[in-house]
Amino acid sequence: MRHGRAGRKFGRNPAQRSALLRQLSISMIMHERITTTEAKAKTIRPVVEKLISIASEDTPHHRRLVMQKIDNQVATEKLFDVLGPRYEAGKGGYTRISKLGPRKGDAAPLALIELIEA
């Protein structure tokens, strides 16, 4: 039984799942809003919010921590140069999830996840 097993699997093995979350995080940082399924939006929210919290203080150690998670130089620079200073006064709650309705092809519930204005 799966008692106490948190997290969604998305029908992928662990390596594919971590790659999916990493790429969704990069897209979220670069575009500041993405449209995806509700389950993926709910899963990516804490990942992105933790990255923004780390980026609120620009130190070499924090840059290394972020690079360990997303491994994308351009996204890391945007995170520390734009998003970190924007949200440095906040203690979380940087994202908003808005439900959009079912997708036309397979009726999967879609959601818009975006960064809110500070």
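Here, each number is a calculation from the coordinates, and none is a lab measurement. What you are looking at is a predicted structure, and each value in this text was computed from that prediction instead of being measured. Using ideal geometry, Cβ is built from the backbone for each residue, glycine included, and neighbour counts are taken over all protein chains shown.
Data for the structure
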item	result
Built amide H within the under 5 Å cut-off of THR95, gap 5+	ILE116
Under 10 Å, Cβ to Cβ, from SER18 - net charge with Lys/Arg +1 and Asp/Glu -1	+4
Estimated inter-spin distance, GLU77 and ALA89, nm [label 7 Å along Cα→Cβ]	2.8
At most 14 other Cβ within 10 Å, DSSP loop - trypsin sites (Lys or Arg not before Pro), segment 1-45	ARG2, ARG5, ARG8, LYS9, ARG12
Per-pair calculated FRET efficiency, R0 = 41 Å: HIS61 and LYS9 via Cβ, rounded to 0.05	0.80
Around LYS69: net Lys/Arg minus Asp/Glu count, Cβ-Cβ under 15 Å	+4
Spatially close lysines, pair count over the chain: Cα under 20 Å, gap of eight or more or interchain	16
5 Å binning of all Cα-Cα separations within the chain, expressed as whole percents from 0 upward	2, 11, 21, 21, 19, 13, 8, 4, 1, 0
